[in-house]
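The values are calculated or read from the model by the stated rules, or taken from the named source; none is laboratory data. Given the structure is predicted, the values throughout are model-derived calculations rather than measurements. Glycine also receives a Cβ, built like all others from the backbone with ideal geometry; neighbour counts cover every protein chain displayed.
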Amino acid sequence: MHRTGNDALLPAAPTSTTLSVNDKLARLDAARWIAALAVVLLHCAAQAVSDPDAYASGDWVAANLYDSAARWCVPVFVMVSGALMLDNRKPLDPQTFYLRRAARICAPLVFWTLFYLAWRSLLGWLDDGQIDISFWPTKIAQGEPYYHLWYLYMIMGLYLITPLVRTLYHRGTKNARAWYLAGLFGIAVLDALYRQMMDTGHGFFLTWFVPYLGYFIAGRMMFDGELRVPSPGWVLAGAVTATAAGVYWLSDHVGLNFYFYDYFSLTVLAMSLAAFQCIMTMTRLPALSMLAPLTFGIYLIHPVFLDIAQRTSAQTSMHAAWSLPVQAFSVFTLSAAACWLLRQHPTTRKLV
């Protein structure tokens, strides 16, 4: 089990409770579009930073810094979900909750899984002139039809456990904790069986949510003002610096070591909690609530525009220090526009 880094958290800060509920919900809107933009920047930087031959070059160092600075994006998405779904003011019975979540996640999961499997086959055909679909069943079983869709498979497991987590969070009875523990052990057993049968280190995708429960619960606790990170701005800056330095020091031209990029490395854990608190307390940060409904679609769509951009020859002559932010903003804007268009029709609206 990953370390949760609770030693970085302190008791409630009075400033976290001074905002009204509506103000804090506006902060969550801000967190959603900022995290979506950070995801796009991270994926823009990923290709440049993944090339061992470019290690220590100016472009590689710039890409490493951008990648490190955006590593909090997925944890913040999970914390936003926790802040909203663990709200007990409007309790939902499990059946109603599951029906609503299924309506939200099933259509996008099925459609984008098939879309990106076809997209991979198309890119393969453009590269070598052959259409290959033999990898489709394996990628579906692994829960990774494309590099970003693992999040949909992870969040599906998180949704399945949410009613139980919400009960534990708000009631905290011994019996509820016992059922919760039994559920976790049951999932762990299934995970071990799956890895044994499939001979993979990734595990069954329905168990991927387990480490993210920490972020999920922390999101609600920070929303309620029960937990805080001391000097979050400094923690965020220090964690980003340490992440970039750690990747640099552990890597070389022979091979790259991305341990510090892991969402549960100590540096990313610290920066994620600090980033969420910064967003929740920086009231001058624009909420841009009109973007909030688009962020899910932006996450789903942006790899298409990124693949097109990275296959454009003009990208190769640009310096990463300024081209990566420009590319990220462009891809983010195009993805938001595409999502907005899809949301104009009742059928395609369900996909984003």
Among the residues of the range 214-236, write down those that are in a helix (DSSP H, G or I), among the hydrophobic types (A, V, I, L, M, F, W, C) and under 13 Å from residue 269 (Cα atoms).
216, 218, 235, 236
Residues that are closer than 20 Å to residue 145 by Cα, at pLDDT 90 or above and not acidic (Asp, Glu), drawn from the range 305-338
305, 306, 308, 335
Can you give me the number of residues within the range 141-156 that are in a helix (DSSP H, G or I) and at pLDDT below 90?
2
Among the residues of the range 248-303, the number that are assigned to a helix (DSSP H, G or I), within 30 Å of residue 119 (Cα to Cα), of a type outside the set (A, V, I, L, M, F, W, C) and touching a residue at least 40 places away in the same chain (Cβ under 8 Å) is 7
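Here's the yes/no breakdown for (1) at pLDDT 90 or above; (2) under 26 Å from residue 54 (Cα atoms):
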position: 256; (1), (2): yes, yes
position: 262; (1), (2): no, yes
position: 282; (1), (2): no, no
position: 286; (1), (2): no, no
position: 299; (1), (2): yes, no
position: 303; (1), (2): yes, yes
Considering each residue of the range 43-64, count those that are more than 22 Å from residue 151 (Cβ to Cβ), in a helix (DSSP H, G or I), of a type in the set (S, T, N, Q) and at pLDDT below 95, and give that number.
0
Sole miss for residue 249 among (1) in contact with a strand residue (DSSP E or B) (Cβ under 7 Å, 6 or more places away or on another chain); (2) over 23 Å from residue 211 (Cβ atoms) is condition (1)
Give the range 215-227 a look and list any residue that's within 14 Å of the chain's Cα centre (by Cα) and among the small types (Gly, Ala, Ser), or say none.
219
Taking the range 126-165 as the search range and keeping residues that are of a type in the set (S, T, N, Q) and surrounded by fewer than 16 Cβ atoms within 10 Å (Cβ to Cβ), which one is farthest from residue 299 (Cα to Cα)?
130
Checking 166, 120 in turn, the sole residue that is touching a Pro at 6+ places or on another chain (Cβ under 9 Å) and closer than 25 Å to residue 275 by Cα turns out to be 166
I'm trying to understand the selection: among the residues of the range 39-84, which are within 15 Å of the chain's Cα centre (by Cα), closer than 18 Å to residue 238 by Cα and among the small types (Gly, Ala, Ser)?
68, 69, 70
For residue 246, state whether it is within 30 Å of residue 348 (Cα to Cα) and surrounded by 15 or more Cβ atoms within 10 Å (Cβ to Cβ).
no
